[in-house]
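Below is one structure, written out as structure tokens, with a few remarks after it.
The values are calculated or read from the model by the stated rules, or taken from the named source; none is laboratory data. Predicted, not measured: the structure shown is a model, and the values here were computed from it. In this analysis, Cβ positions are derived from the backbone assuming ideal geometry, glycine residues included, and neighbour counts consider all displayed protein chains.
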Amino acid sequence: MYLTALVNNLIEKRKISLNTLVREKYRLRDAVMRKIDEYRNSAHEQAFKSFFDTKSKVEVTPEQHFPLTA
């Protein structure tokens, strides 16, 4: 779905021909992979930061803990 929307955007809004996209398919592949990695890293970062959000519902009390035994 994302890739279809991306290609349609390049063709319709940026007026890049399908022939050009096919000719540059490896550059396009590399750019798309970088963009997906950026989105993935951003999602991971947001998820991590959400653990420290002041609105977080995570609470540890003496009654709710994991005992560490060796």
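Please specify each residue of segment 8-22 satisfying the condition of being surrounded by 10 or more Cβ atoms within 10 Å (Cβ to Cβ), closer than 17 Å to Val32 by Cβ and not β-branched (Val, Ile, Thr).
Asn8, Asn9, Leu10, Leu18, Leu21
Given the structure, is Ser56 at pLDDT 95 or above and surrounded by fewer than 11 Cβ atoms within 10 Å (Cβ to Cβ)?
It is false that Ser56 is at pLDDT 95 or above and surrounded by fewer than 11 Cβ atoms within 10 Å (Cβ to Cβ).
Inspect all residues belonging to segment 51-65 and state whether any of them is of a type in the set (Gly, Ala, Ser) and assigned to a helix (DSSP H, G or I).
The answer is no; no qualifying residue exists.
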